[in-house]
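What follows is a short report on a single structure.
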2 protein chains.
Amino acid sequence: MPIKNDLLLRTLAGEKTERTPVWLMRQAGRILPDYRKVRNSLSGFKELVETPALAAEVTIQPVDILEVDAAIIFSDILVIPEAMGLPYEMVEKRGPHFPSTVRSGADLDRLHVAEADGVQYTLDAIRETKKALDGRVPLIGFAGAPWTIFAYMVEGGGSKTFSKPRGMLYENPQLAHRLLQMITDSTINYLKGQVEAGADLVQVFDSWAGVLGPRTYEEFSVPYLRQICDALTDVPVTLFAKDAFFARKSLAELDCRTIGLDWCMDPVASREIVGPDKVLQGNLDPAVLYGTEEIIREETRKMLDAFGPVKHIANLGHGVYPDIDPEKVKIFIDEVKSYSSASR
Amino acid sequence: MPIKNDLLLRTLAGEKTERTPVWLMRQAGRILPDYRKVRNSLSGFKELVETPALAAEVTIQPVDILEVDAAIIFSDILVIPEAMGLPYEMVEKRGPHFPSTVRSGADLDRLHVAEADGVQYTLDAIRETKKALDGRVPLIGFAGAPWTIFAYMVEGGGSKTFSKPRGMLYENPQLAHRLLQMITDSTINYLKGQVEAGADLVQVFDSWAGVLGPRTYEEFSVPYLRQICDALTDVPVTLFAKDAFFARKSLAELDCRTIGLDWCMDPVASREIVGPDKVLQGNLDPAVLYGTEEIIREETRKMLDAFGPVKHIANLGHGVYPDIDPEKVKIFIDEVKSYSSASR
């Protein structure tokens, strides 16, 4: 089915479009009262992730309400460890928790490479979303980067330092590479399943990239991202390695289409590092949306000017914070649309 | 009193010393059984901070046990908000918590600029430590950077995003600047008091530098760091802005002597950005100390080679993790000493 609003796809193709496309990380989520209504009717976050009709519903909400140029499937990066045999719980206000972790070869031997249908509910949600979207905007699939998934599986939950997974890289690098390879194989299966189910592009989130140094990132993250990029030949791939300023050059050498920037990465400096070919995505400081309308519009214009009119997908530099007023989000989106079309 | 082991001071003076000096952030702390013994005899962390004889005792422990080339006074960066009228609690395993926060002008009006004697117990601890050290090694004083202290005072505790203080920068920048100035004035008073009490050098920790983007860091952190550097004319100042890779050039333009690097900042690239004049401090990945003896020695040598033989103070790239085996710390220190003296 042809996509009616294909601004994002044409931007990915390198075309100078009539305006800059815009969407927000975590646009389907707690900022929207409509989301909270669905979420509060359920026993927990995972029920929402695992119920295709509801996941599809909240995926489409921001397309209707915020008028963004893309939908991103509602799911969680931790579905992959669960599909590999390491279940997680989502603890209200505390974040994810893994009752079991991977600290030894024996722990690893209890896991398996996941097939795409190990996360059948998300594939079904993608199919339902595609049908309901009826080609209005492209649908983005996603997964966590192998390093980030590894970090959760070894640590057992969120952490400021992720010292346990980082320790394993020095203590037992062979075991680390074995687990990273299993995660990578599972992720490739899963992302291929998402594409088959209808995802028009996919984003890989390396949320904890920044706890690694440049050399460890080169050894324990980049090769696995490369495998993912090389395996996904049918759709454009976006890599978002939060805080990994030092890895921009390496990521630019991978066969991805887009590199996401967080708000600490200067757009002009990043373009210089990355070169002219890739699309860049980002990177307004999410905290700007706490500001007045004037500040939001001003900061958004500065951001658009810094990226320039081609090969840029407007977004925040990280997920929108859950306590942001949706009206402030609309101001951001409106300014991207009006300023970028006026300056073409 | 002349300092017997003056390796660190001569390194600060730019001298090529017989070997590289070494100390560790958080060397006085939970890694040492001797520390835990003192700590467990007390009702809480704050009692240790506020009891000069005990703070002095744990300050000196790593000099005896680990044979580091400097002591750093045992205290906490949050003593400054408390001295300004915003008390904190240290919650076991959860971190700091402020019962009151600063969100409005009215909140700010209840605070005052702290004089040095608002933190008399730390000044007393410095005096006791100096006496007990008897010139063995230099003593480092420290404080939090104004932005980092501000972040805690507005957020009310630790946070992954510090979205509330970052929001205030956009929502009410005037109020933010007023509070930052009060913190800066208090910090200058406090650090001058530390120098008067005997601190041979001081380090300013901008632990949450990396949640700001380049432009907000220039506006809300750098000018206050500049004031501190300009006010402390009697001792060398070290600035450690964790994760603020984008600020290295700006920090290099301040009147500080040393710039601390975390493990994500490449020593060679950092030296290029910072120029030849400053001393650099750091930056072994703290997770290396989970590795085998061989790995620790190898990674330490790589680090020393990357920094070169002059204007380098060896350290980790962040505080030592509390569950690290002290024997592993000793291997790191031993390798710094033996490898750097052999390669002179």
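The values are calculated or read from the model by the stated rules, or taken from the named source; none is laboratory data. None of these values were measured; they are calculated from a predicted model. Here Cβ is always computed from backbone atoms with ideal geometry, including for glycine, and neighbour counts include all displayed protein chains.
Points to keep in mind about this one:
- Residues considered: A:329, A:320, A:268. Of these, the only one that is buried (at least 18 other Cβ atoms within 10 Å of the Cβ), at pLDDT 95 or above and not in a loop (DSSP other than H, G, I, E, B) is A:329.
- From the options B:119, B:91, residue that is assigned by TED's automatic domain parsing to the domain that holds residue B:48 and modelled with pLDDT under 95: B:91
- Scanning the stretch A:176-191 turns up at least one residue that is within 14 Å of chain B (Cβ to nearest Cβ), touching a helix residue (DSSP H, G or I) at 6+ places or on another chain (Cβ under 6 Å) and on the phi < 0 side of the Ramachandran plot.
- Those residues of the stretch B:25-41 which are surrounded by 14 or more Cβ atoms within 10 Å (Cβ to Cβ) and farther than 16 Å from residue B:280 by Cβ, in sequence order: B:26, B:27, B:28, B:29, B:30, B:31, B:32, B:34, B:35, B:36, B:38, B:39
- Filtering the stretch A:27-45 to residues that are touching a helix residue (DSSP H, G or I) at 6+ places or on another chain (Cβ under 9 Å) and not hydroxyl-bearing (Ser, Thr, Tyr) leaves A:27, A:28, A:29, A:30, A:31, A:32, A:33, A:34, A:38, A:39, A:42, A:45.
- Matching residues in the stretch B:182-199 - criterion: being under 20 Å from residue B:11 (Cβ atoms) and crowded, with 21+ Cβ neighbours inside 10 Å: B:199
- Taking first residues from the stretch B:205-218 that are more than 8 Å from every other protein chain (Cβ to nearest Cβ) and partners that are among the acidic types (Asp, Glu) and outside any helix (DSSP H, G or I), the Cβ contacts under 8 Å between residues at least 6 apart in sequence or on separate chains come to B:209/B:243; B:211/B:243.
- Members of the stretch A:92-108 that are in a loop (DSSP other than H, G, I, E, B) and among the aliphatic types (A, V, I, L, M): A:102
- Of all the numbered requirements in (1) surrounded by fewer than 17 Cβ atoms within 10 Å (Cβ to Cβ); (2) within 22 Å of residue B:222 (Cβ to Cβ), residue B:165 misses one, and that requirement is (1).
- For the stretch A:8-20, the set of residues classified as buried (at least 18 other Cβ atoms within 10 Å of the Cβ) and within 19 Å of residue A:276 (Cβ to Cβ) consists of A:11, A:12, A:17, A:20, listed by residue number.
- Residues that are in contact with a strand residue (DSSP E or B) (Cβ under 7 Å, 6 or more places away or on another chain) and polar (S, T, N, Q) number at least 1 in the following helices (runs of 4 or more DSSP H) confined to the stretch A:17-91: A:52-65.
- If only residues of the stretch B:226-249 that are more than 14 Å from residue B:277 (Cα to Cα) and within 14 Å of another protein chain (Cβ to nearest Cβ) are counted, the one that is farthest from the chain's Cα centre (by Cα) is B:246.
- Odd one out for residue A:254 among (1) in a loop (DSSP other than H, G, I, E, B); (2) at the interface with chain B (Cβ under 10 Å from one of its Cβ atoms); (3) of a type in the set (A, V, I, L, M); (4) over 22 Å from residue B:155 (Cα atoms): (2)
- Test: residue in the stretch B:314-334 that is small (Gly, Ala, Ser), under 19 Å from the mean Cα position of the chain (by Cα) and more than 23 Å from residue B:9 (Cα to Cα): no
- Hits in the stretch A:301-344 (condition: in contact with a Lys or Arg (Cβ under 8 Å, 6 or more places away or on another chain), small (Gly, Ala, Ser) and more than 16 Å from residue A:16 (Cα to Cα)): A:319
- The stretch A:279-317, residues that are facing chain B (nearest Cβ under 9 Å), buried (at least 24 other Cβ atoms within 10 Å of the Cβ) and not in a helix (DSSP H, G or I): A:283, A:285
- Considering only residues in the stretch B:109-123 that are touching a residue at least 12 places away in the same chain (Cβ under 8 Å) and surrounded by fewer than 18 Cβ atoms within 10 Å (Cβ to Cβ), the one that is nearest to the chain's Cα centre (by Cα) turns out to be B:121.
- Flag for residue A:150 being out of contact with any helix residue (DSSP H, G or I) (no Cβ under 7 Å at 6 or more places or on another chain), within 15 Å of residue A:80 (Cα to Cα) and buried (at least 20 other Cβ atoms within 10 Å of the Cβ): no
- Among the residues of the stretch B:18-37, the one identified as more than 22 Å from the chain's Cα centre (by Cα) and without any contact (Cβ under 8 Å) to a residue 40 or more places away in the chain is B:37.
- Test: residue in the stretch B:121-139 that is of a type outside the set (D, E, K, R), more than 30 Å from residue B:4 (Cβ to Cβ) and part of a loop (DSSP other than H, G, I, E, B): no
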